[in-house]
1. Once a ≥ b ≥ c are taken as the square roots of the eigenvalues of the Cα gyration tensor of the range 87-246, is the result rounded (a/c under 1.5), prolate (a/b larger than b/c) or oblate (a/b not larger than b/c)?
2. Considering Cα pairs under 8 angstrom that are at least six residues apart, work out the relative contact order of the range 1-121 and quote it in whole percent.
3. Which whole-number percent gives the relative contact order of the chain, counting Cα pairs below 8 Å spaced six or more residues apart?
4. Where does the charge balance sit around ASP224 when Lys and Arg score +1, Asp and Glu -1, over other residues with C-beta under 11 Å from its C-beta?
5. Restricting to DSSP H runs of at least four residues, report the calculated mean residue ellipticity at 222 nm for the chain, -39500 (n - 2.57) per run over all residues, nearest 500 deg cm²/dmol.
6. What list of ³J(HN,Hα) values in whole Hz, one per residue of the range 49-63 in order, does the Karplus curve 6.51 cos²θ - 1.76 cosθ + 1.60 (θ = phi - 60°) give from phi, with Gly and Pro shown as x?
7. For the charge dipole of the range 1-159, defined by +1 on Lys and Arg C-beta atoms and -1 on Asp and Glu C-beta atoms about the Cα centroid, which residue among LEU84, ALA116, LEU153 has the Cα displaced farthest towards the positive pole?
8. Run through the DSSP bridge list for the chain and note the antiparallel percent, rounded to the nearest 5.
Amino acid sequence: MRKTLVAANWKMHGTKAFAEQLLVELNTGLESGECSSQVVICPPYPYLGVVAGKIGQAVMLGAQNLSEQPSGAYTGEVSAEMLLDFGARYAIVGHSERRSLYGENNELVAAKYAAAKGAGLIPILCVGESLEEREAGKTLEVVAEQIQAVVALGLPDTWQNAVIAYEPVWAIGTGKTATPEQAQEVHQFIRQQLGEAGSKTQILYGGSVKAANAAELFAKPDIDGALVGGASLKAEEFIQICCAAN
Ligand code: 13P
């Protein structure tokens with residue numbers, strides 16, 4: 001039985017004071033023990049320490065990105081080991097904003113996935129198609145290529161201790177959520193791509209998830225939770241999403 005996982009991607013939002021306040025509200029709301037989901041918060045790098053220090057029992061720490069390199073002269077980069085030092089357990093890799101704005105291709109994303117896994121972090125591998133790709137009927141092809149780039153590395157137990165997030169690019173920050181049926185179709189396809197490990201791997205949906213649509217998404221058999229952007233910056237809304245799986 002796969003547990004529901006809800007991960008917050010704060011992206012480049014907020015201040016230290018904002019992070020502290022949001023955490024107080026999240027801790028209070030989530031520690032009542034009424035939400036059955038696992039919860040991960042991925043703040044901007046400089047606030048990892050702040051969040052780690054204030055995180056409650058009910059919440060785990062994640063990063064939004066990491067370097068594919070273990071250490072060295074890589075100005076501006078952050079290694080898996082540094083994230084572990086701050087208590088991070090998860091790291092998002094291959095978010096569509098990293099792919100489209102910072103030129104991360106499938107090979108680099110796969111290398112980041114390997115770096116996270118090799119160090120003992122749980123990668124949250126983001127995959128998803130653009131609007132043009134969906135309209136051209138290429139959704140499954142694009143997602144398969146993104147998955148296969150990781151498979152090609154031949155890592156031991158490739159999909160063990162790993163999470164996949166299906167985030168259609170056209171649904172991110174647009175208010176246009178994929179319908180539960182559209183998401184389910186791709187989630188089921190992804191699970192088939194993972195082979196034997198597929199039945200155990202959590203596959204999250206991301207793209208305009210809100211309190212109002214979380215429950216219908218989570219009700220689908222292959223949707224195991226959500227990766228949440230905008231709505232994760234509002235405590236009450238995010239708590240409702242975390243509890244939507246109950
Ligand atoms: P929104 O929830 O703001 O659409 O962002 C989704 C996302 O990119 C999470 O990683």
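1. Verdict is rounded for the range 87-246.
2. 23
3. Over the chain, the number comes to 22 percent.
4. +4
5. My calculation for the chain gives -11500 deg cm²/dmol from helical runs alone.
6. Computed from phi, the couplings for the range 49-63 are x, 4, 5, 4, x, 10, 5, x, 4, 8, 10, 10, 9, x, 10 Hz.
7. LEU84
8. Roughly 0 percent of the beta bridges in the chain run antiparallel, per DSSP.
Here, each number is a calculation from the coordinates, and none is a lab measurement. Remember, it's a predicted structure, so these values are computed and weren't measured experimentally. Backbone-built Cβ (ideal geometry, glycine too); neighbour counts: all protein chains shown.
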